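First comes the structure, then the notes that go with it.
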Amino acid sequence: MQRFSALSLLRHGLGRHQGWKPQWRNAQPKPGYDAIIVGGGGHGLGAAYYLAKVHGITNVAVLEKGWIGGGNTGRNTTIIRSNYLFDESAALYDHALQLWEGLSQELNYNVMFSQRGVMMLAHNIHDIQVFKRHVHANRINGVDNEWLTPEQAQEFCPSLNIDPNVRYPVLGAALQRRGGTARHDAVAWGYARAADALGVDIIENCEVTGIRRDANGAVLGVETTRGFIGSRKVGVSAAGHTSVVMGMADVRLPLESYPLQALVSEPVKPIFPCVVMSNTIHAYMSQSDKGELVIGAGTDIYTSYTQRGGLHIATHTLEAICELFPQFRRMRMLRNWGGIVDVTPDRSPIIAKTPVKGLYVNCGWGTGGFKATPGAAHLFAHTIAKDEPHPINAPYTIERFRDGFMIDEAAAAAVAH
Amino acid sequence: MLIINCPYCGARPELEFAYGGQAHIDRPVQPADLNDEDWTGYLYLRENTKGIHAERWRHLHGCARFFNALRDTRTDHFLATYKVGEKAPEVTRP
Ligand SMILES: Cc1cc2nc3c(=O)[nH]c(=O)nc-3n(C[C@H](O)[C@H](O)[C@H](O)COP(=O)(O)OP(=O)(O)OC[C@H]3O[C@@H](n4cnc5c(N)ncnc54)[C@H](O)[C@@H]3O)c2cc1C
Ligand SMILES: [Zn+2]
């Protein structure tokens, strides 16, 4: 692997930057592997990296039906935070946040992790009570989160309109200063490059179409559009398509797939210093380093695999943005797109073994799994390597729905990003 | 925005409707006889089909009645809508 440093930049500059090599090999599928990951998003690529790095399992393939990072990893609004309500969630998301804090160094790849602070606005009494409860619960769990008055919120984000005479006035806010954003593509590419350097094969344009099993039901490998590939361990990290892939092994999961949209404005000078989220009126926004305002909208009301959403959903979000930030009223939107998110009944993920021997699943991240990428990948690799969960993901089973041990962030967060 | 054909009122914009999830899930007749696995299936497991999906809709801001629909989740194309209690019509893929 060509390492990035000031010195290597200088050296390649002298050679007119002609000496850079592709950052990962264009691998061809081998007949078999020690482990296969289905899905080349951040979670899948990261899991392959940690399998190789932490567990020494380097004979690994990541199979991606399109291009790596072309799923939700490359479509999300990149908000990262860990101020979730329940103990299990705080442990999971803060594990990820701690890994984010060292990720660029770990991968020798700038993932542009920026801890600019995530501020969540309260617009009614219910919001205030819920957010204060979060602040207290988070502090007990050692996760930073603080309560701000409307004036303090405006000080933190000067464009914010705190006029009390609007439809949804800002009554206060919860701020996690360690939260922020990262560059989504860089996360996929950084993990791909680091995994490749450890021997992992990253195979694009390779759709898994079946899961082959032996007479006892254990996994033997996967059928793909590029032929059969053998492995006794298959980890599925296919986000919105998890139900489709797991259906190939007759495993039914408590998931439904919905379109979720985002949009960006024309690029402007730095004007928006943080991330602002409003669950009640459903809008969230940050500014990318290119200068675009990155805006997240809601899900459509129906399940779908179309990777696009209704225009009225985005319109609703823009109306909210215009009220909260009147100065953006005349800004033009450049692009909008959708991704398919896999939602569980309790809005918490599943990172677990399955009833099928050798088959593992990491799914159910729904509308909010980008922030968890390093953590989920690390824990999923552990689960696959050891054939048992890490203590942090032990509660995130499939069976929790049967046994009534849900981690109900649905009720706690109302919206999850 | 989808245009949805309410079997009672005709074609109307999606904004008038509420979505009700997968159709034809029968409430258990003898709830006490269900074991935990059956309850999980009834409460939480859904087909999440990529393809033709039978689902419930409610014309909330119209006649307010429930009805069922067949929709292709790969395209969001509606193949049929039909009244509650009726069997799903036979459809051919578009
Ligand atoms: C518009 C939008 C905004 C979002 N905003 C945020 C946010 O602000 N913060 C946050 O934390 N989260 C956010 N999310 C959620 C977040 O994007 C996801 O939870 C996360 O990126 C999931 O990562 P992944 O690697 O599991 O999935 P993906 O990146 O979707 O990777 C799954 C991969 O599996 C591949 N695949 C599927 N089926 C097969 C098959 N049969 N064979 C081979 N490959 C297959 C797909 O092509 C895909 O590349 C948002 C999502 C969307 C859509
Ligand atoms: Zn009607």
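The values are calculated or read from the model by the stated rules, or taken from the named source; none is laboratory data. These numbers were taken from a predicted model, which means no experiment stands behind them. Using ideal geometry, Cβ is built from the backbone for each residue, glycine included, and neighbour counts are taken over all protein chains shown. Areas reflect the complete protein model, heavy atoms only, side chains present, ligands, DNA and RNA absent. Shrake-Rupley method; radii C 1.70, N 1.55, O 1.52, S 1.80 Å.
Where in the stretch A:238-264 does accessible area fall by at least 40 Å² between the isolated chain and the complete protein assembly, at a 1.4 Å probe radius?
Checking the loss per residue gives A:Arg252, A:Glu256.
Once you have the Kirkwood Rh of the stretch A:125-261 from its Cα pairs, apply Stokes-Einstein at 10 °C and 1.306 mPa s and quote D in µm²/s.
Details: Rh = 20.1 Å.
Taking Rh from Cα pairs, D becomes 79 µm²/s.
Among A:His312, A:Phe328, A:Gly296, which residue has its Cα positioned farthest towards the positive end of the charge dipole of the stretch A:288-340, with +1 placed on the Cβ of Lys and Arg, -1 on the Cβ of Asp and Glu, and the dipole taken about the Cα centre?
A:Phe328
Of A:Lys21/A:Lys290; A:Lys233/B:Lys50; A:Lys53/A:Lys269, which ones are farther than 30 Å apart at the Cα?
Details: A:Lys21/A:Lys290 26 Å; A:Lys233/B:Lys50 26 Å; A:Lys53/A:Lys269 40 Å.
Those over the limit are A:Lys53/A:Lys269.
May I ask you to list the chymotrypsin sites (Phe, Trp or Tyr not before Pro) in the stretch A:1-105 that are in a DSSP loop and have at most 14 other Cβ atoms within 10 Å of their Cβ? Write down the numbers at each step before the final one.
Working: sites: A:Phe4, A:Trp20, A:Trp24, A:Tyr33, A:Tyr49, A:Tyr50, A:Trp67, A:Tyr84, A:Phe86, A:Tyr93, A:Trp100; in loops: A:Phe4, A:Trp20, A:Trp24, A:Tyr33, A:Trp67, A:Tyr84, A:Phe86.
Here the sparse-neighbourhood loop sites are A:Trp20, A:Trp67.
Using only the C-alpha atoms of chain B, find the volume of their convex hull and express it per residue in Å³.
Details: hull volume 10.9 nm³, N = 94.
Output value, Cα hull per residue: 116 Å³.
Run through every distinct alpha carbon pair of the stretch A:68-115 and return the Kirkwood hydrodynamic radius in angstroms, one decimal place. It would help to have the intermediate numbers written out before the result.
Working: mean 1/r = 0.0823 Å⁻¹.
Over the stretch A:68-115, the inverse of the mean reciprocal pair distance is 12.1 Å.
Could you bin all the Cα-Cα distances of the stretch A:351-416 into 5 Å bins starting at 0 and give me the percent of pairs in each, rounded to whole numbers?
Calculated over all Cα pairs of the stretch A:351-416, the distribution is 3, 17, 25, 27, 19, 7, 2, 0 percent.
I'd like the Karplus ³J(HN,Hα) series for the stretch A:33-41: coefficients 6.51, -1.76, 1.60, θ = phi - 60°, whole numbers in Hz, and an x wherever there's a Gly or Pro.
So the J values, rounded to whole Hz, are 9, 6, 8, 10, 10, 9, x, x, x.
If you average the sequence gap of Cα pairs under 8 Å that are 6 or more apart and divide by the length of chain A, what percent do you get for the contact order? Please list the in-between numbers first.
On the way: 979 pairs, mean separation 90.3, N = 417.
Computed over chain A, the figure is 22 percent.
Can you divide the C-alpha Rg of the stretch A:15-118 by 2.2 N^0.38 Å and report the result to two decimal places? Provide the component values of the computation, followed by the final result.
Details: Rg = 16.4 Å, N = 104, 2.2 N^0.38 = 12.8 Å.
Output field value: 1.27.
Quick one: pull the percent of accessible area on chain A belonging to carbon and sulfur, 1.4 Å probe, ligands and nucleic acids left out.
Working: 8840 of 16930 Å².
Percent of accessible area from carbon and sulfur atoms in chain A: 52.
Go through A:Leu63, A:Leu7 and list them by solvent-accessible area, largest first, probe radius 1.4 Å.
A:Leu7, A:Leu63
Would you pull out the residues with amide H under 5 Å of A:Thr224's amide H, same chain only if 5 or more places away, H placed 1.01 Å from N?
Result for A:Thr224 returns A:Thr209, A:Ile229.
Just grab the label-to-label distance for A:Gln307 and A:Arg226, each label 7 Å out from Cα along the Cβ direction, in nm (one decimal).
Computed distance between label sites A:Gln307 and A:Arg226 equals 1.8 nm.
So for the pair A:Asn124, B:His77, with labels modelled 7 Å out along Cα→Cβ, what separation do we get in nm?
The modelled label-to-label distance comes out at 4.1 nm.
Just the accessible area per residue of the protein assembly as shown, please: how many Å² with a 1.4 Å probe?
Working: 22470 Å² over 511 residues.
Here the per-residue accessible area is 44 Å².
Return one quarter of the surface area of the convex hull spanned by the alpha-carbon atoms of chain A, equal to its mean projected area, in nm².
Answer in nm², one decimal: 20.6.
Could you work out how far the C-alpha centroid of the stretch B:53-78 sits from that of the stretch A:180-239, in angstrom?
Comparing the Cα centres of the stretch B:53-78 and the stretch A:180-239, I get a distance of 36 Å.
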